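Notes follow once the structure below has been shown.
FYI, it's all coordinate maths here, none of it is from the lab. Remember, predicted model here, so these are calculated numbers, not experimental data. Don't worry about glycine lacking a Cβ; one is built from the backbone with ideal geometry, like all the others, and counts go over all protein chains shown.
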Ligand code: SF4
Ligand code: SF4
């Protein structure tokens, strides 16, 4: 068990993952009241899928019958390759390159295939922000880090700019110790600096006020009360991670798929505002931005321009 676990972690590193831990599969019942309270207050905004099947989301068995372990990976997406033209609409770092769902799924598939070659009885299921599972809770269980006040998992070495992926397995492995150390101490910087006061006091977010949700998940136009706070953001918001002292040592990611193309990095405000549907598909078809409707994206650009 110990050897296999070590080999899985080594293989994950070879595949480019920055972090890998293993959690024992169990029902995460302690999260139920927190989720229910969050939903009852309407903090999930229009993401109705989050209000459905809560017991299912707490139980890995619902995704993989016989699940015994959750392998949790972290992939750094921090980038210093910022957009180059001042005053241009701003895209969140996580959307600089190719859709992370595709990049991470492909790496996790390779990892699972490799596990199956050494353990022929292995059955597994991959998730990347794609299934009803509490990925952040599993990241904590697997020792990757503890949630900051901004609700995002903070790792001592990497910081918080990393994607979480999981493989549920029917194998017993050696388990990591769940993270218990609060990285925030007395700091409240993210709460104080969130432009729309979207961060609640219990490490949850009010999605109705969060720019990330309003520019990505929100289907319609951004409510006018939030437009003055967009500060040029048209897709996502990194503010509560940028101000976090735990990201002081964030390093450029080593995943070329996440790099912004020179063409996008060099676009000025007028080019963004005049993007045709064809250009949108050509430039962002493979990026997470391509999941948005063209009309919504152009509406965000207009809103961010004030
Ligand atoms: S992503 Fe932006 S708007 Fe949302 S909680 Fe963080 S700082 Fe606030
Ligand atoms: S900014 Fe401060 S309070 Fe917020 S997540 Fe980072 S350390 Fe925690």
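Computed on the range 1-136, with alpha-carbon pairs under 8 angstrom and 6+ residues apart, the relative contact order is 29 percent. Once the Cβ-Cβ distance between residue 283 and residue 242 is put in as r, and R0 is 25 Å, what FRET efficiency do you end up with, to the nearest 0.05? For residue 283 and residue 242, the calculated efficiency is 0.55. Taking 0.36 nm per residue of separation and subtracting the current Cα-Cα distance, fully stretching the chain between residue 62 and residue 227 would add 55.4 nm. Placing R0 at 25 angstrom, the Cβ-Cβ distance between residue 174 and residue 13 gives a FRET efficiency of 0.95 after rounding to 0.05. Helix 2-14 and the long axis of the chain differ in direction by around 30°, with both axes built from C-alpha atoms.
Simple spin-label estimate for residue 157 and residue 27 gives 3.6 nm between the two label positions (7 Å along the Cα-to-Cβ direction from each Cα). When 71, 103 are sorted by how many other C-beta atoms sit within 10 angstrom of their C-beta, beginning with the fewest, the order is 103, 71. Averaging 1/r over every pair of different alpha carbons in the range 57-177 and inverting the result gives a Kirkwood radius of 15.7 Å.
In percent, rounded to a whole number, the relative contact order of the chain is 26, using alpha-carbon pairs under 8 Å and six or more apart. Can you give the angle from 0 to 90° between the axis of helix 100-118 and the longest principal axis of the chain, with both taken from C-alpha atoms, to the nearest 10? On a 0 to 90 degree scale, this one is about 10.
Both radii come from the Cα set of the chain: Rg as radius of gyration, Rh as Kirkwood radius; their ratio Rg/Rh reads 0.96.
In this simple spin-label model, placing a label point 7 Å from the Cα along the Cα-to-Cβ direction at both residue 271 and residue 259 gives a separation of 1.7 nm. A simple spin-label model places the labels of residue 249 and residue 54 3.8 nm from each other, with each point 7 Å out along Cα-to-Cβ. The angle between the Cα long axis of helix 294-304 and the main principal axis of the chain comes to about 60°, on a 0 to 90 degree scale.
Divided by 2.2 N^0.38 Å, where N counts the residues, the Cα radius of gyration of the range 189-304 comes to 1.14. Taking all Cα pairs closer than 8 Å and separated by 6 or more residues, the relative contact order of the range 109-203 comes to 32 percent. Multiplying the residue separation of residue 188 and residue 200 by 0.36 nm and removing their Cα-Cα distance gives an extension gain of 3.2 nm.
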